1. Report whether or not residue B:256 is touching a residue at least 60 places away in the same chain (Cβ under 8 Å) and farther than 21 Å from residue B:137 by Cα.
2. Considering only residues that are exposed (fewer than 15 other Cβ atoms within 10 Å of the Cβ), assigned to a helix (DSSP H, G or I) and out of contact with any helix residue (DSSP H, G or I) (no Cβ under 9 Å at 6 or more places or on another chain), which ones fall in the range A:249-270?
3. Residues that are in contact with a strand residue (DSSP E or B) (Cβ under 9 Å, 6 or more places away or on another chain) and within 14 Å of another protein chain (Cβ to nearest Cβ), at least 2 per element: which helices (runs of 4 or more DSSP H) completely within the range B:73-187 meet that?
4. If you go through the range A:199-208 one residue at a time, do you hit one that is buried (at least 19 other Cβ atoms within 10 Å of the Cβ), modelled with pLDDT of 95 or more and more than 24 Å from residue A:111 (Cα to Cα)?
5. Only residues that are out of contact with any helix residue (DSSP H, G or I) (no Cβ under 8 Å at 6 or more places or on another chain) and either under 17 Å from residue B:171 (Cα atoms) or surrounded by 14 or more Cβ atoms within 10 Å (Cβ to Cβ) (or both): list them for the range B:220-236, please.
6. Out of the range A:212-222, which residues are part of a helix (DSSP H, G or I) and under 15 Å from residue A:259 (Cβ atoms)?
7. So which residues in the range A:9-31 are touching a helix residue (DSSP H, G or I) at 6+ places or on another chain (Cβ under 6 Å) and under 11 Å from residue A:285 (Cβ atoms)?
8. Test of understanding: among A:267, A:238, A:250, A:195, which residue is within 14 Å of chain B (Cβ to nearest Cβ) and more than 27 Å from residue B:148 (Cα to Cα)?
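The values are calculated or read from the model by the stated rules, or taken from the named source; none is laboratory data. This one's a predicted model, so the numbers in the text were calculated from it and none came from an experiment. Cβ coordinates were reconstructed from backbone atoms using ideal geometry, including for glycine residues, and neighbour counts include every protein chain displayed.
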């Protein structure tokens, strides 16, 4: 019987990958972690690291090669951009039956489950996904150069931009700018040198400063958060968010936006049901069930 | 007599350097061009390329080593950030008497001469300089990551950001976005891939599209130009621009802002007196004159 098959979920991202193996009844029997698995950054490394962690869970569960082949798997890897990418990953895997997606799909499945609603995952970057009747629509998340508004990386970079405009006498000097400049000993040239090579993650280190200053009443920090909120609410409007939807704020900075959202959005906030790894397992289960097992 | 000394001006930038040698009476007797001379990007190359072009003008003017040593020179090189950089350049030069600056100083001297006023040099990046009674104050120009508002690179990047927000259904679809997306065959993924590695110069290639669409009445393109104008006018306000000041719009996109500026700024627009190379020569002449020659 097909429903007797084991399930494998893979959540792969730039800092590492996580693999879980569940028994036919859904109970997780083995987990493993592995190296980075971002398909855009390093396709071969992503595949090799995911495979290694998959073999580890198979061994821990006592599955032989045939047993592993029979598992039904869903792999969600960051950086999978199109069907060619999906196929390249699938071709390298031992499973007869599997699906491959980017990590946004597994994140949505994990956080929202089957609920209609919107996931605002705001960490270093921005992921916005609206799910309605099982269909998912993505907005933004076009990367730090073109988008990623409201993310930690965006907040940090905007904070430094504001600090530089204050240096130039274009904006009033509130405590916020002084706090930001304090991290560079007040030297604007040090800010310029930092920004020239800083990655989104390094900019995102300033996001907590923005929320802390805003929380303490700083008008400039509050205005910056409102900029992020305006973008997020424009996205919620665009997907026609209503009282049938839930709102899930995830990622390092997502939950910190909660107090700043309009009442009608705030009232619909729910916790994530699970992680992207849970989502990968649930998508593997759906794949099995869709086969009529 | 010191006033009999020859003058040398050097204008060094990322795409090449220009050197001019003027007779004591100010008449240019030799010119040469050389390789890139941006001190931040490549200090050794910048010095070698400038030196090579300097030796070329000396040879063309029939100056021997002693004659070259006696020249009074001003070198304005892009990427010279502090006194240590200035000293490193000076130490490598044959002149007994010289000054070194970044290329902004020579640009201001060339464009404004001795006039009180503001230079808005908007090309790939942004240079804003306000001169009053011989003192120059710089604003912005902190590079593409933190600033360079209103520049060609900034306009192009903002145009692509707006196009992506239109793709997401966050902004109305005017002809502007369609024109921009037409350069990518309408494929947003192609835009993302372009933006991931594009340099400011490549973004700046879209600046004419913005001005052309705005000129044809497109509201979205006009709003983007107004964003740039708001920044430029904030800078003009910050330096207390008044009816004693002239306004010089330079660089590839600078002059295109003219029709969008407030009347009181528009009324004060003048042409640049000369180039950065002219500025370098005039600064060399000032250095000679300050010696009481």
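1. Working: touching a residue at least 60 places away in the same chain (Cβ under 8 Å): no; farther than 21 Å from residue B:137 by Cα: yes.
Spelling it out, it is not the case that residue B:256 is touching a residue at least 60 places away in the same chain (Cβ under 8 Å) and farther than 21 Å from residue B:137 by Cα.
2. A:263, A:264
3. On the way: elements: B:83-91, B:103-112, B:152-167, B:175-182.
Where helices (runs of 4 or more DSSP H) fall fully within the range B:73-187 and carry at least 2 residues being in contact with a strand residue (DSSP E or B) (Cβ under 9 Å, 6 or more places away or on another chain) and within 14 Å of another protein chain (Cβ to nearest Cβ), they are B:152-167.
4. Yes - at least one qualifying residue is present in the range A:199-208.
5. B:223, B:231, B:234, B:235
6. Correct list: A:212, A:213, A:214, A:215, A:221, A:222.
7. Residues satisfying the conditions are A:9, A:22, A:24.
8. Result of the check over A:267, A:238, A:250, A:195: A:238.
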